[in-house]
1. Within 10 Å, Cβ to Cβ, of residue B:45, how many net charges do the neighbouring residues add up to if Lys/Arg are +1 and Asp/Glu are -1?
2. List the pairs from A:42/A:67; A:42/A:70; A:2/A:98; A:2/A:70; A:2/A:56 whose alpha-carbon separation is above 22 Å, in the order I gave them.
3. Quickly rank B:22-35, B:74-87 as a protection proxy: mean count of other C-beta atoms within 10 Å, highest first.
4. With a sphere of radius 14 Å drawn around the Cβ of residue B:20, what net charge do the other residues whose Cβ falls strictly inside it have (Lys, Arg +1; Asp, Glu -1)?
5. Please state, rounded to one decimal and in Å, the Kirkwood hydrodynamic radius that the protein assembly as shown gives when every pair of distinct Cα atoms enters the mean of 1/r.
6. Along each of the three principal axes of the Cα atoms of chain B, give the extent in whole Å, ordering the values from largest to smallest.
7. Counting only other chains, what is the mean number of Cβ atoms within 10 angstrom of the Cβ of each residue in peptide B:105-113?
8. Take every Cα-Cα pair in the stretch A:1-40 and report what % of them are more than 14 Å apart.
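Quick note: the coordinates plus some simple rules give every number you see, no bench work behind them. Small disclaimer: the values here were computed from a predicted structure and weren't measured. Glycine also receives a Cβ, built like all others from the backbone with ideal geometry; neighbour counts cover every protein chain displayed.
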Amino acid sequence: QKEVEQDPGPLSVPEGAIVSLNCTYSNSAFQYFMWYRQYSRKGPELLMYTYSSGNKEDGRFTAQVDKSSKYISLFIRDSQPSDSATYLCAMSQGNNRKLIWGLGTSLAVNP
Amino acid sequence: EAGVTQSPTHLIKTRGQQATLRCSPISGHTSVYWYQQALGLGLQFLLWYDEGEERNRGNFPPRFSGRQFPNYSSELNVNALELEDSALYLCASRFPGGGGETQYFGPGTRLLVL
């Protein structure tokens, strides 16, 4: 079993839809959780960063961490065609441990 | 503030040759990470340098090596290139100290081995 599981999609939604992206993990020691967005042929860019459990909101994006279920989510409200990209989750135990990455979910938002 | 920069943007080599990829981290960042992103395989961790030392290494053969210079820039060398080395090579940097686990990525170097 991989440490981090992420459905690769592809996910296709109409413009304006609410998008839900998810990752599950097996290592209960993970404390730092990140979502990155990667446009085609570009490097990943950090979207959201959460420490431990709870929710974090930034504009149209909300990140949720449920450590009891070992499950993290990224919600995108009022999705736009410019949100079309691959979304990668990443997590770490901290203390200079390396990041563990999901494979990424490909999202297409159709006008 | 300038982000992470990588050079070259594209590199074409033939089997058996050597490739050298370069990375300059964000100013003030001392840690540099290298990743390989091949089609369908996601981000594969290659190497981590901090303060000039190799701190961790992924499951790659020894022909993947690198170093970090006193100005914290870094170089990735791939010897005896194989066709399956064709991928996007990404460099990321991180601010030193605890708590800040986030990595900031450069645009990558796309390596094609013919």
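1. On the way: positive: A:98, B:57; negative: none.
That sum, taken over residues with Cβ under 10 Å, equals +2.
2. Working: A:42/A:67 31 Å; A:42/A:70 29 Å; A:2/A:98 15 Å; A:2/A:70 13 Å; A:2/A:56 26 Å.
In this structure, A:42/A:67; A:42/A:70; A:2/A:56 lie more than 22 Å apart at Cα.
3. Details: B:22-35: 20.9, B:74-87: 16.9.
Peptide ranking by packing, descending: B:22-35, B:74-87.
4. Values: positive: B:13, B:22, B:63, B:67; negative: B:75, B:85.
Counting the neighbours of residue B:20, the net charge comes to +2.
5. Details: mean 1/r = 0.0553 Å⁻¹.
Radius from the Kirkwood sum: 18.1 Å.
6. Projected onto its principal axes, the Cα set of chain B covers 40, 28, 26 Å.
7. Numbers: counts 7, 3, 3, 5, 0, 1, 0, 0, 0.
Counting Cβ atoms of other protein chains within 10 Å of each residue's Cβ and averaging gives 2.
8. On the way: 482 of 780 pairs.
Roughly 62 percent, once rounded to a whole number.
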